[in-house]
Amino acid sequence: MPVTERPAEAAPARPDDLVAVPVRHWGQWTAAAVAVLGLVGLVGSLAKNPNLKWDVVGHYLFADLIFDGLFTTLWLTAAAMAVGLVLGTLVAVMRLSANPVLYGLSTGFVWLFRGTPLLVQILFWGYAAALYKHLMIGIPFTTVTFVEFDTNSLLPASVAALLALGLNEAAYASEIVRAGIQSVDPGQTEAAHSLGMKPALTMRRIVLPQAMRVIIPPMGNETINMLKTTAYVSVIAAHDLMSNIQDVYNQNYQIIPLLVVAALWYLALVTVLSVPQAWLERRYGRGTARAGHASPLRRMLTGLPGLLPTTRERKG
Amino acid sequence: MARPMVHAEGVRKHFGRLEVLKGIDLTVERGQVCCLLGPSGSGKSTFLRCINHLEKVDGGRLTVDGDLVGYRQSGNRLHELREAEVAERRREIGMVFQRFNLFPHLTALENVTEAPVRVAGVNRTDARQEALRLLERVGLADRADHYPAQLSGGQQQRVAIARALAMQPKLMLFDEPTSALDPELVGDVLDVMRDLAADGMTMVVVTHEIGFAREVGDTAVFMDEGVVVEAGDPRRVLVDPEQERTRAFLSKVL
């Protein structure tokens, strides 16, 4: 192909005079418009629907009974997650142990509590008195007994709920913690050992802090899940938010407005919960390249200009 | 003559049915630099890891400064040491790894102070001062607050050396310390090691750096297939070896 000399006037005079025109994404605009229209329609129809009875929603949204339930839901979530995390870490370490008995026990634990429906477990703890009327501590296979309890007084609905949720959570948490521990390079343990650190110190100071980076996102998920799962304990009347809501609508039959109250509160709590998760992720992400990460809201806002055509982009 | 720092007699080790060390005899005197060379799979790294009990010895006798590694002898019996006792012995043996193994969640300074503070019980201020002095020594005083991910490979390895030195070891083990480095970064790490050797530190170095072994090493040990093929003055073993196997290896790496 012959190379011809270009005419001098066609060459760019000064790069600053050129305006780069970005591609217009007409398809994206159309899709966004359709989606917004659909959303506005849905919200509009909900707002106008008389069956929602916003006055009833407003009346119960800040009722004392609801706050009592909220309080129970919150402490139950916190306590069940605490039990789950502590017991789960213990089970995870047992599963990684070289001792076959500890390994067998922990594997059996996970098998049992992950393998049966949570609803069954909650009901089981709630009706434990039907299995053992009295609980006693003594020496097995003898008649020697040190203390004895009445099962029903030892296991009120709230304690039964906590046991059910905590033990179930421990089974799931143990798998998350185990994955976290196994994600840490074995070279880290060797380096710590070569400095004279004992196994427990190595686990606490070197392995677990690094495992946290892998553990926190799924545990955040578990916490959010737990907050909503506490609603199940209404089957043993544990006086959580959902139990109380059910009590109310069983009397006044305002089922839909009260479910909206429940949904609004669960949504609000979950939103608040994502704040500490982001904070923890930043804290345990120290030393990694992606440590500084933006909140979802910020990501959404900074993502917008990409959708809008800009004239500020120039080739320079 | 003072007792040797490392003394091995017929040390054996196997992984399953694979025999990795088939009776190693080796002595490293106090203040000496011993370089272990050989093809990969020759067992040199395994032997090095036996010295601080990262690998358990299956047979023979291995002593560090007169103490049996991993065992306590009373009369005719060998008692295996408990984890705490093994940890106690390891405090006095520094180790530097091929892949650095710095703690990524701690800064360079924290990497160096972690063991002195948590293991040796040195107070935080003193540990910090000593750590800064050590980082200065390896030429990284200005990188004290950087995380490992923010350092180059050569800088990470020098922090790792400072971290090992912080426990004031009487013996330093180096497991291919420059093998994972870009060629232009190897020099800085070797300079630090040369400086250490000149200071009289007893060192066992697994390396492929023939030049370093010849220049700094007091003894060179050539290993192949789990046995010591040839050992002695590096200026002889690595220049004019007696064994055909050594000669063949050197002709490939030089």
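Restricting to segment B:113-124, name every residue that is touching a residue at least 24 places away in the same chain (Cβ under 8 Å) and more than 10 Å from every other protein chain (Cβ to nearest Cβ).
Within segment B:113-124, B:T113 is the sole residue that qualifies.
Which condition number does B:R194 fail, the rest of (1) assigned to a helix (DSSP H, G or I); (2) within 29 Å of B:V117 (Cβ to Cβ) being met?
(2)
Within segment A:204-224, is there a residue that is open to solvent by less than 10 Å² (accessible area, probe 1.4 Å) and at the interface with another protein chain (Cβ under 9 Å from one of its Cβ atoms)?
Checked segment A:204-224: at least one residue is open to solvent by less than 10 Å² (accessible area, probe 1.4 Å) and at the interface with another protein chain (Cβ under 9 Å from one of its Cβ atoms).
Within segment A:172-188, can you find the residues that are more than 14 Å from every other protein chain (Cβ to nearest Cβ), surrounded by 21 or more Cβ atoms within 10 Å (Cβ to Cβ) and not β-branched (V, I, T)?
A:A173, A:S174, A:R178
For (1) surrounded by fewer than 16 Cβ atoms within 10 Å (Cβ to Cβ); (2) in contact with a strand residue (DSSP E or B) (Cβ under 9 Å, 6 or more places away or on another chain), each residue gets a yes or a no:
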residue	(1), (2)
B:M5	no, yes
B:F15	yes, no
B:D25	yes, yes
B:E29	no, yes
B:T63	no, yes
B:D67	yes, no
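Let's see how each residue does on (1) under 17 Å from B:V192 (Cβ atoms); (2) open to solvent by less than 30 Å² (accessible area, probe 1.4 Å); (3) touching an Asp or Glu at 6+ places or on another chain (Cβ under 8 Å); (4) not charged (D, E, K, R):
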site: B:L109; (1), (2), (3), (4): no, yes, yes, yes
site: B:R118; (1), (2), (3), (4): no, no, no, no
site: B:G121; (1), (2), (3), (4): no, no, no, yes
site: B:G139; (1), (2), (3), (4): yes, no, yes, yes
site: B:Y147; (1), (2), (3), (4): no, no, no, yes
site: B:Q150; (1), (2), (3), (4): no, no, no, yes
site: B:I161; (1), (2), (3), (4): yes, yes, no, yes
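What tally of residues in segment A:84-114 results from selecting those that are open to solvent by 60 Å² or more (accessible area, probe 1.4 Å) and not aromatic (F, W, Y)?
Selection size over segment A:84-114: 13.
Tell me, which residue of segment B:72-101 that is of a type in the set (A, V, I, L, M) and within 14 Å of chain A (Cβ to nearest Cβ) is surrounded by the fewest Cβ atoms within 10 Å (Cβ to Cβ)?
Kept after step one, since they are of a type in the set (A, V, I, L, M), are these residues of segment B:72-101: B:78, B:81, B:84, B:86-87, B:93, B:95-96.
Filter once more, so that each one left must be within 14 Å of chain A (Cβ to nearest Cβ): B:81, B:84, B:86-87, B:93, B:95-96.
Numbers: B:L81: 18, B:A84: 10, B:V86: 21, B:A87: 22, B:I93: 26, B:M95: 26, B:V96: 26.
Looking at the filtered set, the residue picked out is B:A84.
For A:G196, indicate whether it is within 14 Å of chain B (Cβ to nearest Cβ), closer than 22 Å to A:G88 by Cβ and surrounded by 14 or more Cβ atoms within 10 Å (Cβ to Cβ).
No.
Between A:A191, A:A160, which is more than 14 Å from chain B (Cβ to nearest Cβ), surrounded by 13 or more Cβ atoms within 10 Å (Cβ to Cβ), in a helix (DSSP H, G or I) and aliphatic (A, V, I, L, M)?
On the way: A:A191 fails: more than 14 Å from chain B (Cβ to nearest Cβ).
Exactly one of A:A191, A:A160 is more than 14 Å from chain B (Cβ to nearest Cβ), surrounded by 13 or more Cβ atoms within 10 Å (Cβ to Cβ), in a helix (DSSP H, G or I) and aliphatic (A, V, I, L, M), namely A:A160.
I want to confirm something. Restricting to segment B:134-167 and keeping residues that are in a loop (DSSP other than H, G, I, E, B) and in contact with a strand residue (DSSP E or B) (Cβ under 9 Å, 6 or more places away or on another chain), which single residue is farthest from the other protein chains (Cβ to nearest Cβ)?
The qualifying residue farthest from the other protein chains (Cβ to nearest Cβ) is B:A166.
Which condition from (1) within 14 Å of chain A (Cβ to nearest Cβ); (2) buried (at least 19 other Cβ atoms within 10 Å of the Cβ); (3) of a type outside the set (A, V, I, L, M) is the one that B:T207 breaks?
Of the numbered conditions (1) within 14 Å of chain A (Cβ to nearest Cβ); (2) buried (at least 19 other Cβ atoms within 10 Å of the Cβ); (3) of a type outside the set (A, V, I, L, M), the odd one out for B:T207 is (1).
Any residue that is under 20 Å from A:Q121 (Cβ atoms), open to solvent by 20 Å² or more (accessible area, probe 1.4 Å), among the small types (G, A, S) and in contact with a helix residue (DSSP H, G or I) (Cβ under 9 Å, 6 or more places away or on another chain) - is there at least one of those in segment A:242-250?
There is no residue in segment A:242-250 that is under 20 Å from A:Q121 (Cβ atoms), open to solvent by 20 Å² or more (accessible area, probe 1.4 Å), among the small types (G, A, S) and in contact with a helix residue (DSSP H, G or I) (Cβ under 9 Å, 6 or more places away or on another chain).
Taking only segment B:225-248 into account, find how many residues are open to solvent by 20 Å² or more (accessible area, probe 1.4 Å) and either assigned to a helix (DSSP H, G or I) or within 21 Å of B:S179 (Cα to Cα) (or both).
Residues flagged as open to solvent by 20 Å² or more (accessible area, probe 1.4 Å) and either assigned to a helix (DSSP H, G or I) or within 21 Å of B:S179 (Cα to Cα) (or both) within segment B:225-248 amount to 7.
Can you confirm whether A:F124 is in contact with a Leu (Cβ under 9 Å, 6 or more places away or on another chain), in a helix (DSSP H, G or I), at pLDDT below 95 and open to solvent by 70 Å² or more (accessible area, probe 1.4 Å)? Write out each step before concluding.
Numbers: in contact with a Leu (Cβ under 9 Å, 6 or more places away or on another chain): yes; in a helix (DSSP H, G or I): yes; at pLDDT below 95: yes; open to solvent by 70 Å² or more (accessible area, probe 1.4 Å): yes.
Yes.
The values are calculated or read from the model by the stated rules, or taken from the named source; none is laboratory data. Note that the structure is a prediction, hence the values are computed from the model and not measured. Neighbour counts run over all protein chains shown; Cβ positions are idealised from the backbone, glycine included. Just so you know, the surface numbers come from the protein's heavy atoms only, side chains and all, with ligands and any DNA or RNA stripped out. Shrake-Rupley method; radii C 1.70, N 1.55, O 1.52, S 1.80 Å.
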